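Nothing in this text is a laboratory measurement; each read-out follows from the coordinates by a stated rule. All values derive from a computational prediction rather than experimental measurement. Every residue, glycine among them, receives a Cβ derived from its backbone with ideal geometry; neighbour counts consider all protein chains shown.
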């Protein structure tokens, strides 16, 4: 067999292998190859029942309905930019509370109430001076599946009183001026919609 | 010397490499790598 | 009897392009992710690939050793990565910079650019720049993530964030193309990284593998093992006629007859092909102490060295 044919065959085989490797994994319910669930067709933030980091029960229904707007920030403990913006998120939370809104965090490591992860998350929050509520829930709940679809960190969602997503999620630290502006626009939109 | 200097260095480093790898995995470093690798490290690719 | 080992060396160096392509594909197996804009999130990402390949590449099947090292060192839990360092030592002892020559996708990328028929320049006069990559390794990969930490004890992956062109080439750009959320986050840092990528691309057309020579921290690490790696180059002094063709063919500015284990040698085998007498070949295994080593001027021919060991690939 001459070299070119052999090479072509080998490359075809490798290509087929790669498609098979992906094909086998890209079943819709697998979490191995995730596409971002950032499309606008996902209208509602999934309802959840979970706990905050101190173990108090939290219910998404109550959480969202008590506020005109809720900003939900996904982060994890070893993510540099996530941790870098925690202090600013705390300031934003205080600002929002004056406007009938609030900010909550969801640390991806703390899902299922992993004790070590919860302790580490509390430690980081304390170190950065962030006092706002952080919640967790089961990873096999609807919200857990939603959370596992978040693969770019940090990601921030804006949710209105009825639990609907407002606008597109913001990827990356909201401390970037461009991102902070988009976020404030969406927050304002939610507040206005709530009044009207 | 039964072993040349080169061979001795190879063996020592090979053993050290195995020991360090095993120790690192045992103390959870591979998990840290996994979490960083499966979530989009925005700063790594020069975004934000 | 001698023809067979030499045949393997010649075959290896002639098939190198295909091997590089295959390695790039195996490293980035999950090609459909480019269209879906997602990442592979399976357990394979615990393992590092040998070459420089960003784990934020949608198709990437494993973790980048340099990125992973910074991630572990920059996390608040650990201050040094035994896992990554151990793995890199193993790879270094086995292969040294053979990895650069055969298995690194970014090296292959630069070589493809070099094929563009525009003016070529020699890098011999720029040899001092080759020391820069050790500074990059020590400073950006090791020290800065370890020491420049925020209040929570987390350090940035300095090399990935500010220098690595591979991440923006196979991560940021493909993802930004298909994901509007990511497009919205692109800022000044992205511009800076694109600038670096462009500079590397342009230099790679004029110079052979400039990133590998001057900036790559992974190549710098493997280079430290070139002197003792199992796979290396060997020159049979009984056959060498000192014609100098090997040194002329070498694009990494190495004279294999004088310094076969040079830190700049990426074991690409161009010298093997250039040699008219078959004196230069790949070698695996550790021939006994009387075979030639680094300096190699006074070695006598070693007919008793086991010929089945030479040139055999693991």
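So here's what we get for this one:
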read-out: Peptide-level mean, for A:164-176, of C-beta atoms on other protein chains within 10 Å; value: 3
read-out: 0 to 90° range, to nearest 10: angle between helix C:188-206 axis and chain C longest Cα axis; value: 20 degrees
read-out: Computed [θ] at 222 nm, helices only, for chain B once each DSSP H run of length n ≥ 4 contributes -39500 (n - 2.57); value: -22000 deg cm²/dmol
read-out: Nitroxide proxy distance, nm - points 7 Å out along Cα→Cβ at residue A:178 and residue C:11; value: 5.2 nm
read-out: Mean residue ellipticity (222 nm) of chain C, computed from DSSP H runs ≥ 4 via -39,500 (n - 2.57), nearest 500; value: -11000 deg cm²/dmol
read-out: Highest-first arrangement of A:68-77, A:91-100, where packing means the average Cβ count within 10 Å; value: A:68-77, A:91-100
read-out: Centroid-to-centroid separation of the stretch C:159-235 and the stretch C:1-66 [C-alpha atoms, Å]; value: 15 Å
read-out: Peptide-level mean, for A:69-78, of C-beta atoms on other protein chains within 10 Å; value: 3
read-out: Within the protein assembly as shown, percent of DSSP bridges classed antiparallel, to nearest 5; value: 65 percent
read-out: Förster radius 56 Å - calculated FRET efficiency between residue C:146 and residue A:194 (Cβ-Cβ, nearest 0.05); value: 0.75
read-out: Helix B:29-38 axis, angle to chain B major axis (alpha carbon atoms, nearest 10°); value: 40 degrees
read-out: Shielding by other protein chains, C:85-94, mean Cβ within 10 Å; value: 6
read-out: Highest average packing first - C:22-34, C:99-111, A:43-55, Cβ atoms within 10 Å; value: C:99-111, C:22-34, A:43-55
read-out: Protection proxy ranking, peptides A:126-136, A:175-185, average beta carbon neighbours within 10 Å, highest first; value: A:126-136, A:175-185
read-out: Estimated FRET transfer efficiency when R0 is 35 angstrom, pair residue B:31-residue C:238 (beta carbons, to 0.05); value: 0.05
read-out: Most fluctuating residue given options C:59, C:223, C:152, as computed from a GNM of chain C linking Cα atoms under 10 Å; value: C:152
read-out: Cut-off 19 Å, label 7 Å out along Cα→Cβ of residue A:59, residues of the stretch A:159-193 by amide N; value: A:160-164
read-out: Degrees between helix C:82-95 axis and first principal axis of chain C (Cα, 0 to 90, nearest 10); value: 30 degrees
read-out: Antiparallel DSSP beta bridges within the stretch A:68-196, as percent of all bridges there, nearest 5; value: 50 percent
read-out: Sites residue C:18 and residue C:273 - FRET efficiency at Förster radius 22 Å, r taken between beta-carbons, to 0.05; value: 0.90
